[in-house]
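To keep things clear, I will list the structure first and then write my remarks on it.
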Amino acid sequence: MTADVGKTDAPVTGDGEPTPHLWVPSDGGVSPSEAAILERHSGLSRRTMLKVGAVGAAGAAIVAGKAFVEPALAQKGLLSSNGVFAAAATEVANLVYIEAFPTSPLILDPFKDQLPIPKALKPCPPSEYMGWKKSPGPGDGQQNSMGNERHQIWPSQLGYPDPIVYKIDVKVATHSFTTSKVLPIDKNGKPAVSFDPTGKPITAGTIRELPKSTIYGFNGTFPGPMINAEYGKPALVRFENHLDENPDNLDRQDFGSPDWSFLTHLHNGHTAPESDGNPHYTMRYGPKYQGYKPGEGCDNLYLNWPAGGDDREKQSFFWFHDHRMDHTGSNVYKGMVGLYPIYDPKNGMDMGDETQGLRLPGVRRDNSDGSFDVDYDIPLVFFDCRLDDGVTIHKDIHDTQGDFPDAHNPNTHPEWWGKTFFKHFPSHGFVGDIFTVNGTAYPTLEVKRRKYRFRFLDASVARIYEFKLMSSTKGPKTAVSLGYKADELEGQYRIPDGQQCMQFTQIASDGGLLPFPVKRDSFELWPAKRREFIVDFTKYQDGTPTTKGDVIYLTDVMKMPDGRMWSNSSRFSPDPNYKVPVMKIVIGDDAPDASVMPAALQTLRELPPLPKDWKSLMDNRLIFEVERGAAGGEVEWLINGKQFDPAKVATSMKNPASKTPLAQQKKNSFNLWEIRNGGGGWVHPFHLHMEEHRTVMRNGKDVTAGKDAGHPDDVSREDLVALDPGEAVVVYRGFRDFVGPYVAHCHNLAHEDHAMMFGWEITP
Ligand SMILES: [Cu+2]
């Protein structure tokens, strides 16, 4: 891919319009107020301000308020031990932040919209990318628009071909979660007033259409594109920031990175730091900023090469999402989510062709542009949202920081009625009350009578799900009609007579195919986690055959009223009445099926080796404790007592060898890391970038034999530690192939954005 860079003029698209060109700042479409925002955010980072903040910056009033309020609450016994304001103290706590969330309007006609099934993104033909002003390539300055980075490993160094090139523009666009009409309701389920786009009230009881929500999306869609990748065929994705362009003058509301910067992380590819999209890298190299600003961009090179070149490290399902420091949650919630299933063509093992290799469900169709689609192999992206009711006040600590001056917060926003509502800094965390799959609320999927492969992904800010496959004779009822109120309205619908009717056969987790399949009645899906399953739609779990027209509901049975943790799940005090149908599955016609259900103990993918003497590494392990704690201002989440400092490598807590090592590992080394949940009342989906790990200890017990019924996939490779309250998990992991800065962080994005992250690095 050597560059013929002779052409510097913009190429012309089919309809004669010049394409806005890579890495040339756009000069169109920026309003004066938008320009002011860009100006305001050109310098000091918000967290820098916050450090100053205790004495003088904009957040001082709130910080002082909190300092004043907390002791008073503690005195009255209203501040619980984990720092959460008790309900009785809500009014006082409101001085710091308001915990009120809107109740979304009720979707009246659920399960009518079809589940959108993404198609593979088309690659850019060489004729196109060779015309780019800066073409992709291995040379100095060819990795980003600043011209100051190069790719650490170019595919040719691995004996791989040049990458397939994709182009993804980060754009302002709109998204509709449903075509159904809606009834505005309040937290008691009673019909409520709604508002038109000018903020004019509309009488309670009026049935409405939902306005479209503004998104920041990869190529302007939610979810964004899906790249079907293959091991051995690297992909280079040019991400380019067009968020300054807003030709339709869409209201940007009060979330999404206020400077419109983005930073894309392929979760959890084996990727060099410059292509990894993490702020520990970007604040020190490349942009030297939290993200890439409008007009800027980068070529993220995904080698599609397993760690150490070891086939046992191959994975199967990535996703890419925003990772802009301090605003990851708001950018992801605003739409920056894309999919990246990765297939393994070696010996036809897992190449999307059910006639070969492991014979997992999938019928592959190769497209003329070099991409391919796989039928019966369907990604399912779960995302919960909340829509503005026009009467809930928008107020949190971000409002004191000038992030969204046009919103004039604290304020209500009747003009945003029906559009996505976000809260940056909720004490209890953020969860939505409308559940969506692939961007559509309560969709329907018509399936053939055969086996399917489903790739589950939780792209929610904080919500954890637990799914079951259920049948229901009477079908879904609104939670309102069943007398539920407030938090119990989350999910909007219930199937009171729902009964489990099918099992899942788990074949993969974050780290790809499992060492052996696992039959499950239900499974938990934590933020950012991937879980893959085969479901056989020809028969029920009792062996009776299905018939055309039968209906099955994919049902969430984990009640999670706020972002702290669940109140009820199968593992902890199950609530038999909490059965929220998320997707309707309708059995259709028979269809040929050459796939084979893996046998009970069949090896899908062998685990990478764990040294016999791994316990000898215990004394010198690195230890990181995640906890709630106030460092002032919005910094609410700490690791080893410190907030994230993007310029620094973190330090381990004192380990049994009485050392406090820096979070640095030599290239090609392996080690044990411990992640501890220091708090009692919270759960944390803790994500480590770079290599997949294997859980070896949970709460002091050796779990390498995989005997923990609550965590049956501890035997697999993962990139996210699901930490129950008070849990401590030790993982074994490698640090191979690349050098440079990476991060580890909580994937409850409200926690991540409020400093629950640390920098670590691989040294030569
Ligand atoms: Cu967390």
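Points to keep in mind about this one:
- Residue check for Lys334: of a type outside the set (Val, Ile, Thr), surrounded by fewer than 24 Cβ atoms within 10 Å (Cβ to Cβ) and in contact (Cβ under 8 Å) with a residue 24 or more places away in the chain: no
- Some residue of the stretch 385-403 being surrounded by 22 or more Cβ atoms within 10 Å (Cβ to Cβ), touching a helix residue (DSSP H, G or I) at 6+ places or on another chain (Cβ under 6 Å) and modelled with pLDDT of 95 or more: yes
- Selection status of Pro161, touching a residue at least 12 places away in the same chain (Cβ under 8 Å), within 22 Å of Phe318 (Cα to Cα) and surrounded by fewer than 16 Cβ atoms within 10 Å (Cβ to Cβ): yes
- Tally of residues being in a loop (DSSP other than H, G, I, E, B) and either under 21 Å from the mean Cα position of the chain (by Cα) or among the basic types (Lys, Arg) (or both) across the stretch 275-304: 8
- Residues of the stretch 597-628 that are assigned to a loop (DSSP other than H, G, I, E, B), in contact with a strand residue (DSSP E or B) (Cβ under 9 Å, 6 or more places away or on another chain) and surrounded by fewer than 15 Cβ atoms within 10 Å (Cβ to Cβ): Ala599, Ala600, Leu601, Gln602, Thr603, Glu606, Leu610, Pro611.
- Scanning the stretch 699-728 for residues that are away from the ligand (no atom under 14 Å from the Cβ), assigned to a strand (DSSP E or B) and surrounded by 20 or more Cβ atoms within 10 Å (Cβ to Cβ) returns Arg717, Glu718.
- Just one of the listed residues (Leu469, Leu482) is over 23 Å from the mean Cα position of the chain (by Cα) and under 30 Å from Thr544 (Cα atoms), and it is Leu469.
- Residues that are touching a Ser or Thr at 6+ places or on another chain (Cβ under 7 Å) and surrounded by 24 or more Cβ atoms within 10 Å (Cβ to Cβ), drawn from the stretch 405-417: Trp417
- Count of the stretch 666-679 residues, restricted to those that are over 30 Å from Ser569 (Cα atoms) and either surrounded by fewer than 22 Cβ atoms within 10 Å (Cβ to Cβ) or modelled with pLDDT under 95 (or both), is 6.
- Selected residue [of a type in the set (Lys, Arg), under 30 Å from Leu250 (Cα atoms) and modelled with pLDDT under 95] from Lys419, Lys423: Lys423
- Among the residues of the stretch 619-665, those that are charged (D, E, K, R) and either out of contact with any Leu (no Cβ under 8 Å at 6 or more places or on another chain) or at pLDDT below 95 (or both) comprise Asp619, Glu625, Glu627, Arg628, Glu634, Glu636, Lys642, Asp645, Lys648, Lys654, Lys659.
- Strands (runs of 3 or more DSSP E) wholly inside the stretch 442-519 that include at least 3 residues being surrounded by 20 or more Cβ atoms within 10 Å (Cβ to Cβ) and either at pLDDT 95 or above or in contact with a Lys or Arg (Cβ under 6 Å, 6 or more places away or on another chain) (or both): 451-458, 465-471, 504-509
- Residue match in the stretch 501-509 (condition: more than 30 Å from Ile342 (Cβ to Cβ) and free of Cβ contacts under 8 Å to residues at least 24 places away in the same chain): no
- Sub-9 Å Cβ pairs linking a first residue in the stretch 681-707 that is farther than 25 Å from Asp562 by Cβ and aliphatic (A, V, I, L, M) to a second residue that is within 16 Å of the ligand (Cβ to nearest atom) and in a loop (DSSP other than H, G, I, E, B), at least 6 apart or interchain, are Leu688/Asp719; Met690/Asp719, ordered by first then second residue.
- Test: Gln114 is under 14 Å from Arg238 (Cβ atoms) and either surrounded by 14 or more Cβ atoms within 10 Å (Cβ to Cβ) or in contact (Cβ under 8 Å) with a residue 24 or more places away in the chain (or both): no
- The set of residues from the stretch 230-270 being part of a loop (DSSP other than H, G, I, E, B) and under 18 Å from the mean Cα position of the chain (by Cα) comprises Phe255, Gly256, Ser257, Ser261, Leu263, Asn268, Gly269, His270.
- Scanning the stretch 364-390 for residues that are part of a strand (DSSP E or B), in contact (Cβ under 8 Å) with a residue 60 or more places away in the chain and not acidic (Asp, Glu) returns Phe372, Val374, Ile378, Pro379, Leu380, Val381, Phe382, Phe383, Cys385, Leu387.
- Within the stretch 723-752, residues that are under 14 Å from Gly700 (Cα atoms) reach partners that are within 12 Å of the ligand (Cβ to nearest atom) and among the aromatic types (Phe, Trp, Tyr) with beta carbons closer than 7 Å, at six or more positions or on different chains, in the pairs Leu723/Phe686.
- Taken together, the residues in the stretch 729-764 that are within 15 Å of the ligand (Cβ to nearest atom), under 22 Å from Asp619 (Cα atoms) and of a type outside the set (Val, Ile, Thr) amount to 2.
- Scanning the stretch 680-693 turns up one or more residues that are buried (at least 21 other Cβ atoms within 10 Å of the Cβ), over 24 Å from Phe735 (Cα atoms) and either modelled with pLDDT under 95 or within 16 Å of the ligand (Cβ to nearest atom) (or both).
- Test for Phe572: is it on the phi < 0 side of the Ramachandran plot, crowded, with 21+ Cβ neighbours inside 10 Å and assigned to a loop (DSSP other than H, G, I, E, B): no
- Residue check: Gln315 meets all listed conditions (1) in a helix (DSSP H, G or I); (2) crowded, with 24+ Cβ neighbours inside 10 Å but one, namely (1).
- Filtering Asp353, Asp311, Asp299 for residues that are of a type outside the set (Gly, Ala, Ser), in contact with a strand residue (DSSP E or B) (Cβ under 9 Å, 6 or more places away or on another chain) and without any contact (Cβ under 8 Å) to a residue 24 or more places away in the chain leaves a single hit, Asp353.
- When we screen Thr214, Thr198 for residues that are over 29 Å from the mean Cα position of the chain (by Cα), farther than 27 Å from Thr478 by Cβ and among the hydroxyl-bearing types (Ser, Thr, Tyr), the only hit is Thr198.
- Residue list for the stretch 616-629, filter: touching a residue at least 40 places away in the same chain (Cβ under 8 Å) and either more than 26 Å from Gly700 (Cα to Cα) or of a type outside the set (Asp, Glu) (or both): Leu617, Met618, Asn620, Arg621, Leu622, Ile623, Phe624, Val626, Arg628, Gly629
- Filtered residues of the stretch 227-251 (kept if among the polar types (S, T, N, Q) and either touching a His at 6+ places or on another chain (Cβ under 9 Å) or closer than 30 Å to Pro405 by Cα (or both)): Asn241, Asn246, Asn249
The values are calculated or read from the model by the stated rules, or taken from the named source; none is laboratory data. Remember, it's a predicted structure, so these values are computed and weren't measured experimentally. Cβ sites come from the backbone with ideal geometry, for glycine too, and all protein chains shown count toward neighbours.
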